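These notes are about the structure you will find just below.
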Amino acid sequence: MKSLKNAQSIVILGTLLLFLVPEFNAQTKEIKRPKNRVGVPSVDKFVQESFDIYDKVYKYDRYAETGTPLDDEDMDALEDALDDLQGLSDSAPDILGDLDGISVIKQGKATLHINKAKKALKYSLKTSKALLLGQRKRDKEPEEDVSENNKSNNSTSNDTHNNSEDIKQSTNISDNLEVYSKYDFVPGDKLLFFDDFSKDFIGDFPSKWNTNASGEVVKIEDKGKWFELKTGYGVYFIPDVKQLPEDYTIEFDLITRGINKQTSSTARLSVILSDSEKFNLGNAHYASVSIPLGQYVAFSLRAKNFFNRSAGAINTDIKADIREAILNQPHIAISVTKKRYRLWVNETKYIDIPKFIEEPNVLKYLKFHLNNLKDNEEHLYISNLKVAQGGVDLRRKLLSEGKISTNGILFDSGSANIQPQSLGIVRQISQVLMQDENIKLKIVGHTDADGSEEANLKLSKARAEAVKKALINIYNISANRLETDGKGESAPVGDNNTPDGKAQNRRVEFITI
């Protein structure tokens, strides 16, 4: 009996060493997927998902070896593989505990399978990075541990855009943006709706919204105006967004007050896409995602769809611990591309459902529903709601037209500090420059007309320079390929007397030179 326990300890120790001891030989030969399952669900799932990623990366590596160029879809697939690697690395340590209590033979088999999966993940990580950067080499270099890419940080932001006479010192050009370097949200390029409530009076219900209950615009110190939603069953808040297109993005910021461990487990903010502008979920079709607000434990995000007057295929709880983010002014971003639905909280993508929108072109309205907060004790505020058509692949547009203009790169108020949620666009620009080393770009900043012309000109130049530094410091683009300029408020594309127009005018251009 004692020898059996010793044998089990050795196997478990060996398994631990598989995760803790780095390997230094780059994998260049195909790793064969295990033919049989172990019978431990967590191990079998880990191995299967590891080799699913490995097969994808290995295929593209063979393309590169034979000189076959990778197209945009190939690059997207590799980026998705990198995202999946992080999730697998997070789950790896939990598998070890599942080996306790099983036979020595089964533990030995599990060890062999995990070893293969670990090698496959290491190869996938190194190779996908090299392929994306156009630097694939087969010399034997130290491999990076998958766990080194498991980084998380809940950053906060202030999405107001009023300019000031003095430009605030930029502090986050690279240091505080690194966690967002793989953030892949790209906002739509045609603005459909924007509201920061700057034109509404304090205490009034906002002029560009409708409800069957109540709510009011408030001013939060140092953060501008916000719309406080009121909690209640069957209560809906509907912005004046008409006829949502097939492809679009939604962004907004949240502030909470009074949320704590006593907040109800059923307290949620629901974002609803509906076929009706009535005060209901929808007539025959809707898709809803609810964001948990409680703090007692980590509550899941919930996704549910309903089409043709019956429950759809999706009714899912999605594991997410966003408690810290909820308390620190999170930025919510949603992308709808035909049937695909994705949702990010700050830099993290929590939802990516390929066929969430089962019936195309029927969900035309956006609604918000808040439920189960304590009246007058717990509060939720929303601002900077932006709905834009597109979510266009800016890489293709820049390559084909030689010029793009985007108002999706946001900055802190009166400063050149890039809002971290804007890095999806900067990342796409970096990919164009990585793909073709002959391309050089001029980056041009523009502002709205708030403040003096002199201050706005200075601000626009500083913001263009901040984008340049992000490309250099985060994505390793050579400085001699980038030029900057600023036009201030001199070239408006929208009406500076409206929030929508101002949002259009605050933009950055990229021009090939």
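The values are calculated or read from the model by the stated rules, or taken from the named source; none is laboratory data. Given the structure is predicted, the values throughout are model-derived calculations rather than measurements. No Cβ is skipped: glycine too gets one built from the backbone with ideal geometry, and neighbour counts run over all protein chains shown.
Descriptive notes on the structure:
- Residue check for Gly224: exposed (fewer than 15 other Cβ atoms within 10 Å of the Cβ) and either on the phi > 0 side of the Ramachandran plot or hydrophobic (A, V, I, L, M, F, W, C) (or both): no
- Residue in the stretch 371-386 that is modelled with pLDDT of 90 or more, farther than 25 Å from Lys319 by Cα, surrounded by 19 or more Cβ atoms within 10 Å (Cβ to Cβ) and of a type in the set (A, V, I, L, M) present: yes
- Count of residues meeting criterion [under 27 Å from Asn505 (Cβ atoms), in a strand (DSSP E or B) and among the polar types (S, T, N, Q)] in the stretch 180-218: 0
- Qualifying residue in the stretch 460-467 (condition: among the β-branched types (Val, Ile, Thr) and assigned to a helix (DSSP H, G or I)): yes
- All positions within the stretch 480-508 that are in contact with a Leu (Cβ under 6 Å, 6 or more places away or on another chain) and polar (S, T, N, Q): Gln504
- Residue list for the stretch 417-465, restricted to those being under 18 Å from Leu394 (Cβ atoms), of a type in the set (A, V, I, L, M) and within 27 Å of the chain's Cα centre (by Cα): Ile418, Leu423, Ile425, Val426, Ile429, Val432, Leu433, Met434, Leu441, Ile443, Val444, Ala464
- Among the residues of the stretch 478-503, those that are crowded, with 21+ Cβ neighbours inside 10 Å and either out of contact with any Ser or Thr (no Cβ under 9 Å at 6 or more places or on another chain) or part of a loop (DSSP other than H, G, I, E, B) (or both) comprise Leu482, Gly488, Glu489, Ala503.
- Just one of the numbered conditions (1) in the same structural domain as Lys225 (by TED's automatic domain parsing); (2) outside any loop (DSSP other than H, G, I, E, B) is not true of Glu377: (2).
- Criterion: free of Cβ contacts under 8 Å to residues at least 60 places away in the same chain and either in a loop (DSSP other than H, G, I, E, B) or of a type in the set (Val, Ile, Thr) (or both) - qualifying residue of Lys242, Lys261: Lys261
- Some residue of the stretch 309-322 being more than 27 Å from Ser276 (Cβ to Cβ), surrounded by 20 or more Cβ atoms within 10 Å (Cβ to Cβ) and in the same structural domain as Gly258 (by TED's automatic domain parsing): yes
- Qualifying residue in the stretch 430-442 (condition: part of a strand (DSSP E or B), modelled with pLDDT of 90 or more, surrounded by 17 or more Cβ atoms within 10 Å (Cβ to Cβ) and not assigned by TED's automatic domain parsing to the domain that holds Lys230): yes
- Verdict on Gly312 being modelled with pLDDT under 95 and either among the polar types (S, T, N, Q) or in a loop (DSSP other than H, G, I, E, B) (or both): no
- None of Lys349, Lys304 is touching a helix residue (DSSP H, G or I) at 6+ places or on another chain (Cβ under 9 Å), surrounded by fewer than 21 Cβ atoms within 10 Å (Cβ to Cβ) and part of a strand (DSSP E or B) except Lys349.
- The combined condition, being touching a helix residue (DSSP H, G or I) at 6+ places or on another chain (Cβ under 7 Å), part of a helix (DSSP H, G or I) and surrounded by fewer than 22 Cβ atoms within 10 Å (Cβ to Cβ), is not fulfilled by Leu423.
- Filtering the stretch 323-342 for residues that are surrounded by fewer than 19 Cβ atoms within 10 Å (Cβ to Cβ), modelled with pLDDT of 90 or more, within 25 Å of Phe227 (Cβ to Cβ) and touching a Ser or Thr at 6+ places or on another chain (Cβ under 9 Å) leaves a non-empty set.
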